[in-house]
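Working notes, beginning with the structure itself.
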Amino acid sequence: MRLSEKVIIVTGAASGMGKAMAELFAAEGARVVVSDIHGDGATQVAETITKSGGVALAMETNVSDVAAVQHLIDHTLTTYGKLDILVNNAGIMDGMEGVADITDERWDQVFAINTTAVMRTMRLTVPIFQKQGHGVILNNISIGGLNGARAGAAYTASKHAVVGLTKNTAYLYANEGIRCNGIAPGAVETNIGQSMTNINDFGMGRTMLGMGLNPRTAQPEEIAKLALFLVSEESSFVNGAIVVADGGWSAY
Ligand SMILES: NC(=O)c1ccc[n+]([C@@H]2O[C@H](COP(=O)([O-])OP(=O)(O)OC[C@H]3O[C@@H](n4cnc5c(N)ncnc54)[C@H](O)[C@@H]3O)[C@@H](O)[C@H]2O)c1
């Protein structure tokens with residue numbers, strides 16, 4: 001087993017890629033903290049893991065709530081005595097608006113969840129990793145963090161910011177046994193469409209042009225396998241990388 005005895009927090013783990021990661025990590029021997037804003041969904045995922053013989057703890061956490069994130073970290077340490085791996089996966093889409101149409105409300109909400117929350121979980125986690133001399137962070141970004149035509153302005157900018165956060169964290173703490181990487185999935189079949197409201201026709205029309213070049217969509221389990229590699233010791237020399245998994249979409 002590749003993650004024996006490792007304690008892992010996965011945010012946004014009630015659905016989609018986070019759920020697939022939590023289940024795969026548990027099957028590889030990890031003790032998984034299944035965290036999500038939807039407490040019932042997190043509980044269901046944790047129960048599935050437990051019924052399969054794994055170890056999991058469900059926690060209802062809104063990652064944009066500072067106190068809730070502090071509680072997530074504290075409760076993990078109280079329950080399992082340590083934290084080895086943090087996976088920042090929770091995220092939402094925007095409404096595909098270009099900058100001419102973006103509202104402050106949309107911008108602030110997308111950044112609060114997709115970007116600021118990632119900084120805050122890392123701010124709380126890195127000192128724990130420094131003290132113990134090891135730790136791994138994996139941020140689920142998007143090819144929207146590398147390309148300009150995969151979403152609206154807010155999502156695109158929020159994910160580009162996490163690319164920078166990931167690389168900066170990777171380099172600054174590289175000599176302290178800490179690794180920080182990102183994954184940049186293409187189109188994955190999840191429930192993220194539910195977070196898309198008030199779709200902007202112009203932005204959607206422009207970005208859909210790129211969809212015609214996408215060879216295919218992925219299942220969440222395909223991305224979870226990449227995540228497993230990046231949080232395990234098998235990727236010990238991979239640090240500061242943003243690994244694209246998009247079936248060749250951005251190779252065009
Ligand atoms: N689906 C795609 O095509 C795709 C592509 C590239 C990147 N991503 C990224 O992958 C990550 C996972 O998304 P997914 O596609 O699996 O979507 P999903 O909607 O299936 O899962 C996201 C989970 O995050 C949770 N969440 C949302 N807001 C939250 C908050 N404030 N606090 C805690 N949890 C919250 C949701 O409840 C949900 O369970 C996101 O960061 C997303 O931006 C998705």
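The values are calculated or read from the model by the stated rules, or taken from the named source; none is laboratory data. Since the model is a prediction, treat every value here as computed from it, not as a measurement. All Cβ positions, even for glycine, are placed from backbone atoms using ideal geometry, and neighbour counts span all protein chains on display. Each accessible area value is taken on the protein alone, full model and side chains, heavy atoms only, with ligands, DNA and RNA left out. Shrake-Rupley method; radii C 1.70, N 1.55, O 1.52, S 1.80 Å.
Here are some conditions: (1) in contact with a Lys or Arg (Cβ under 8 Å, 6 or more places away or on another chain); (2) within 15 Å of the ligand (Cβ to nearest atom). Val55 meets all but one. Which one does it not meet?
Status for Val55: all satisfied but (2).
Which of the residues belonging to the range 68-91 are out of contact with any Gly (no Cβ under 9 Å at 6 or more places or on another chain) and within 16 Å of the ligand (Cβ to nearest atom)? Walk me through how you get there before you give the answer.
Let us first name the residues in the range 68-91 that are out of contact with any Gly (no Cβ under 9 Å at 6 or more places or on another chain), namely 68-82.
If the condition is that a residue be out of contact with any Gly (no Cβ under 9 Å at 6 or more places or on another chain) and within 16 Å of the ligand (Cβ to nearest atom), then Ala68, Val69, Gln70, His71, Leu72, Ile73, His75, Thr76 are the ones that fit.
Residue-wise test of (1) hydroxyl-bearing (Ser, Thr, Tyr); (2) open to solvent by 60 Å² or more (accessible area, probe 1.4 Å); (3) not in a helix (DSSP H, G or I).
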| position | (1), (2), (3) |
| --- | --- |
| Val45 | no, no, no |
| Ile49 | no, no, no |
| Met59 | no, no, yes |
| Gln70 | no, yes, no |
| His75 | no, yes, no |
| Thr115 | yes, no, no |
| Ile128 | no, no, no |
| Lys131 | no, yes, no |
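Go through the range 194-223 and count every residue that is in a helix (DSSP H, G or I), among the aliphatic types (A, V, I, L, M) and near the ligand (Cβ under 10 Å from one of its atoms).
Step one: filter the range 194-223 for residues in a helix (DSSP H, G or I), giving 194-195, 201-211, 220-223.
Subsequent filtering for residues that are among the aliphatic types (A, V, I, L, M) retains 204, 208-209, 211, 223.
With near the ligand (Cβ under 10 Å from one of its atoms) added as a condition, the list becomes 223.
The qualifying residues number 1.
In the range 172-217, which residues are under 19 Å from Val136 (Cβ atoms) and more than 23 Å from the chain's Cα centre (by Cα)? Full working, then the answer.
To start, the set of residues in the range 172-217 that are under 19 Å from Val136 (Cβ atoms) comprises 172-185.
Of everything in the range 172-217, just one residue is under 19 Å from Val136 (Cβ atoms) and more than 23 Å from the chain's Cα centre (by Cα), namely Asn175.
Return yes or no: is Ile37 more than 12 Å from the ligand (Cβ to nearest atom), of a type outside the set (Lys, Arg) and either open to solvent by 70 Å² or more (accessible area, probe 1.4 Å) or touching an Asp or Glu at 6+ places or on another chain (Cβ under 7 Å) (or both)? Don't jump to the end; show me each part of the working.
Numbers: more than 12 Å from the ligand (Cβ to nearest atom): no; of a type outside the set (Lys, Arg): yes; either open to solvent by 70 Å² or more (accessible area, probe 1.4 Å) or touching an Asp or Glu at 6+ places or on another chain (Cβ under 7 Å) (or both): yes.
Considered against the rule, which asks whether it is more than 12 Å from the ligand (Cβ to nearest atom), of a type outside the set (Lys, Arg) and either open to solvent by 70 Å² or more (accessible area, probe 1.4 Å) or touching an Asp or Glu at 6+ places or on another chain (Cβ under 7 Å) (or both), Ile37 comes out as no.
Can you pull out every residue in the range 93-113 that is outside any helix (DSSP H, G or I) and either modelled with pLDDT under 95 or open to solvent by 30 Å² or more (accessible area, probe 1.4 Å) (or both)? Please lay out each step first, then the result.
Of the residues in the range 93-113, the ones outside any helix (DSSP H, G or I) are 93-103.
Of everything in the range 93-113, those that are outside any helix (DSSP H, G or I) and either modelled with pLDDT under 95 or open to solvent by 30 Å² or more (accessible area, probe 1.4 Å) (or both) turn out to be Val99, Ala100, Asp101, Ile102, Thr103.
Can you name every residue in the range 1-43 that is acidic (Asp, Glu) and either closer than 18 Å to Leu230 by Cα or assigned to a strand (DSSP E or B) (or both)?
Scanning the range 1-43 gives Glu5, Glu23, Glu28, Asp36.
What is the one condition in (1) near the ligand (Cβ under 8 Å from one of its atoms); (2) open to solvent by less than 80 Å² (accessible area, probe 1.4 Å); (3) at pLDDT 95 or above that Asn191 does not satisfy?
(2)
Is it fair to say Tyr173 is among the hydroxyl-bearing types (Ser, Thr, Tyr) and open to solvent by 40 Å² or more (accessible area, probe 1.4 Å)?
Details: among the hydroxyl-bearing types (Ser, Thr, Tyr): yes; open to solvent by 40 Å² or more (accessible area, probe 1.4 Å): yes.
So Tyr173 passes the test.
Within the range 170-188, how many residues are free of Cβ contacts under 8 Å to residues at least 60 places away in the same chain and in contact with a strand residue (DSSP E or B) (Cβ under 8 Å, 6 or more places away or on another chain)?
From the range 170-188, those free of Cβ contacts under 8 Å to residues at least 60 places away in the same chain are 172-173, 175-178; that's our starting set.
In the following step, the residues that additionally are in contact with a strand residue (DSSP E or B) (Cβ under 8 Å, 6 or more places away or on another chain) were identified as 173, 177-178.
Within the range 170-188, residues that are free of Cβ contacts under 8 Å to residues at least 60 places away in the same chain and in contact with a strand residue (DSSP E or B) (Cβ under 8 Å, 6 or more places away or on another chain) number 3.
Restricting to the range 216-252, name every residue that is loosely packed, with under 12 Cβ neighbours inside 10 Å and farther than 27 Å from Arg31 by Cβ.
Correct list: Arg216, Ala251, Tyr252.
Can you say whether Val32 is buried (at least 19 other Cβ atoms within 10 Å of the Cβ), more than 10 Å from the ligand (Cβ to nearest atom), under 16 Å from Thr125 (Cβ atoms) and free of Cβ contacts under 8 Å to residues at least 60 places away in the same chain, as far as the supplied structure shows?
On the way: buried (at least 19 other Cβ atoms within 10 Å of the Cβ): yes; more than 10 Å from the ligand (Cβ to nearest atom): yes; under 16 Å from Thr125 (Cβ atoms): yes; free of Cβ contacts under 8 Å to residues at least 60 places away in the same chain: yes.
For Val32, the condition - buried (at least 19 other Cβ atoms within 10 Å of the Cβ), more than 10 Å from the ligand (Cβ to nearest atom), under 16 Å from Thr125 (Cβ atoms) and free of Cβ contacts under 8 Å to residues at least 60 places away in the same chain - is met.
How many of the residues in the range 1-19 are open to solvent by less than 10 Å² (accessible area, probe 1.4 Å) and within 16 Å of the ligand (Cβ to nearest atom)?
Keep residues of the range 1-19 that are open to solvent by less than 10 Å² (accessible area, probe 1.4 Å), which gives 3, 7-11, 13, 18.
With the extra rule that they be within 16 Å of the ligand (Cβ to nearest atom), the set shrinks to 8-11, 13, 18.
Counting residues in the range 1-19 that are open to solvent by less than 10 Å² (accessible area, probe 1.4 Å) and within 16 Å of the ligand (Cβ to nearest atom) gives 6.
Name the residues in the range 134-185 that are away from the ligand (no atom under 14 Å from the Cβ), in a loop (DSSP other than H, G, I, E, B) and of a type in the set (Ser, Thr, Tyr), would you?
Once the filter is applied, which keeps residues that are away from the ligand (no atom under 14 Å from the Cβ), in a loop (DSSP other than H, G, I, E, B) and of a type in the set (Ser, Thr, Tyr), the range 134-185 yields only Tyr173.
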